[in-house]
Ligand code: HEM
């Protein structure tokens with residue numbers, strides 16, 4: 001047998017031999033080919049050049065956000081109903097219809113701002129991206145662990161992310177840059193009250209919620225639509241860390257959440273989440289003081305109860321991190337029949353952004369990779385070629401016909417499954433305008449008041465510690481926003497910073513703000 005030890009033959013080693021990618025056995029993996037034992041090296045050393053040049057290309061660009069993450073696999077099991085009602089009343093999506101029906105899933109958890117090897121203890125939203133491999137093709141539900149987001153218009157996404165990413169000169173995450181942007185972006189207040197509370201550092205990936213955040217639609221057999229929001233509740237419970245807890249964990253391990261997930265699945269302690277759905281009729285809801293398509297808002301659960309529709313269990317770890325965690329690609333445009341978009345201005349921007357970045361990050365044929373393929377549906381496209389094409393879909397009987405329509409052969413269009421959608425009729429002038437009903441403060445203040453005392457203390461301490469590192473005018477504007485949201489929050493953070501309501505009473509509303517009558521009254525009483 002061929003020796004693989006490099007120590008000469010006859011060792012009795014039964015392992016398979018090393019080859020290069022051309023199938024040539026590698027006889028010497030220790031020494032490159034040289035003229036004499038001391039060199040110089042020769043250029044025709046194919047084995048060495050192939051090895052080193054492939055290594056030179058081992059990395060693909062990391063995700064521009066959510067670079068650090070962990071993926072696991074499992075199943076989604078439908079309840080066949082929503083609360084006590086048949087689910088078919090609201091959606092015809094096949095995966096939800098039958099009680100007990102299972103659909104394969106992949107779930108990638110992530111942090112947002114840090115690079116691929118950054119600490120998992122960061123104060124940062126956590127990604128919660130689920131890929132359902134359904135019989136109708138894939139459905140991706142790309143969510144976060146916090147129910148709201150910083151901004152409500154996709155055009156601001158690069159700015160909010162730039163403010164949170166390291167400074168382009170010092171390469172440090174700088175509170176002064178973060179709060180500079182946030183102080184000028186009042187819609188982020190609700191998110192900040194969540195992010196700087198203990199919820200901003202989940203104890204690990206198994207003990208956190210997931211939220212679709214954006215508003216989607218469901219469509220039933222009759223083409224009727226409703227607006228929906230998705231929530232994932234962990235059976236393990238929700239656990240969070242204070243800054244101090246996080247510092248202790250981080251001193252031991254930069255990847256504690258990935259390790260925790262991997263070890264739990266390895267020992268058969270499979271994590272589980274229940275999927276709940278909030279619903280409202282598909283219209284503008286003028287009776288609400290917020291817009292249902294505004295992702296900086298939650299829908300009050302007393303009016304719009306979150307009702308269970310199924311459960312998700314993770315029971316398999318990745319077998320290779322690069323193939324299944326680095327190259328997995330999610331997108332908000334990836335929906336199946338019975339599910340639809342809403343006009344949420346974030347969602348439309350996201351839907352362009354994901355597949356755009358994946359064509360660059362992974363390559364134009366990223367959907368041919370096993371982890372991204374719609375493995376439980378039949379795939380037949382007329383897409384052809386491009387870098388790293390791995391297979392060609394069969395198009396009918398004739399390999400010549402890769403276009404449609406054709407009299408000769410090839411693929412035909414599917415029949416639309418049911419009648420046209422009955423969604424609202426929309427009309428309007430082309431414009432660039434803020435939505436009405438911005439109402440940036442009410443829910444932020446309510447969120448603060450709903451917190452337990454230790455969470456409020458932690459929130460105030462975190463805001464104070466960060467704003468101490470900021471220019472005075474930035475800190476003052478933030479205190480002004482906090483006072484607009486909830487007196488106690490503004491007073492407590494202000495106290496820590498030496499900023500009184502009188503100090504900020506002279507501030508005018510931002511040019512980008514439309515204050516309501518109540519908010520103007522509140523502002524007038526700040527001093
Ligand atoms: C990842 C864009 C808002 C959740 C990404 C990526 C981009 C992106 C470019 C990298 C994707 C990749 O390389 O595969 C945007 C834009 C947004 C936005 C333009 C706003 C307009 C949001 C919101 C959420 C979210 C509101 C939460 C609901 C995620 C998650 C990932 C991600 C979970 C990681 C997916 C994975 O694990 O591969 N986003 N995003 N994003 N985004 Fe967003």
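Bear in mind these aren't lab numbers, they're just calculated from the coordinates by the rules spelled out. Keep in mind it's a predicted model, so treat the numbers as computed, not measured. Note that we place each Cβ from the backbone using ideal geometry, even for glycine, and neighbour counts take in every protein chain shown.
Okay, here's what the table says:
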{"read-out": "Mean shadow area of the stretch 359-463 over all directions, Cα convex hull, nm²", "value": "15.3 nm²"}
{"read-out": "Residue 301/residue 159 FRET efficiency (R0 22 Å; Cβ-Cβ; nearest 0.05)", "value": "0.10"}
{"read-out": "Most to least packed among 261-268, 362-369 [average Cβ atoms within 10 Å]", "value": "362-369, 261-268"}
{"read-out": "Three-way shape label, the stretch 371-527, alpha-carbon gyration tensor, a/c 1.5", "value": "prolate"}
{"read-out": "q = 0.15 Å⁻¹: log10 I(q)/I(0) that the Debye formula gives for the stretch 129-169, counting C-alpha atoms only", "value": "-0.59"}
{"read-out": "Size descriptor, Kirkwood hydrodynamic radius, that averages inverse alpha-carbon separations across the stretch 243-382, Å", "value": "19.2 Å"}
{"read-out": "Cα-derived Rg over Rh, computed across the stretch 426-517 with Rh taken as Kirkwood radius", "value": "1.06"}
{"read-out": "Residues residue 281 and residue 510, FRET efficiency given R0 of 35 Å [Cβ-Cβ distance, rounded to 0.05]", "value": "0.60"}
{"read-out": "Kirkwood-Stokes translational diffusion coefficient of the stretch 292-360, alpha-carbon pairs, 37 °C, 0.692 mPa s, µm²/s", "value": "212 µm²/s"}
{"read-out": "Approximate spin-label separation residue 170-residue 42, in nm, with each point projected 7 Å along Cα-to-Cβ", "value": "5.6 nm"}
{"read-out": "Angstrom value of the Kirkwood radius, inverse mean 1/r, which spans all Cα pairs in the stretch 3-136", "value": "20.8 Å"}
{"read-out": "Binned Cα-Cα distances of the chain, short to long, each 10 Å bin given as a whole percent", "value": "3, 15, 24, 24, 17, 9, 5, 2, 0, 0"}
{"read-out": "Per-pair calculated FRET efficiency, R0 = 60 Å: residue 15 and residue 406 via Cβ, rounded to 0.05", "value": "0.70"}
{"read-out": "Shape category assigned to the stretch 233-287 from the gyration tensor of Cα positions, a/c cut at 1.5", "value": "oblate"}
{"read-out": "Fully extended contour minus Cα-Cα distance, from residue 449 to residue 252, at 0.36 nm per residue", "value": "67.5 nm"}
{"read-out": "Potential lengthening between residue 313 and residue 26 on full extension [0.36 nm per residue; Cα-Cα distance subtracted]", "value": "99.0 nm"}
{"read-out": "Cα long-axis angle, helix 256-266 against the chain (0 to 90 degrees, to the nearest 10)", "value": "60 degrees"}
{"read-out": "Stretch gain in nm, segment residue 385-residue 221, where the contour uses 0.36 nm per residue and the Cα spacing is subtracted", "value": "55.3 nm"}
{"read-out": "Angstrom value of the Kirkwood radius, inverse mean 1/r, which spans all Cα pairs in the stretch 327-366", "value": "10.9 Å"}
{"read-out": "Mean Cβ count within 10 Å, highest first, over the residues of peptides 26-34, 328-336", "value": "328-336, 26-34"}
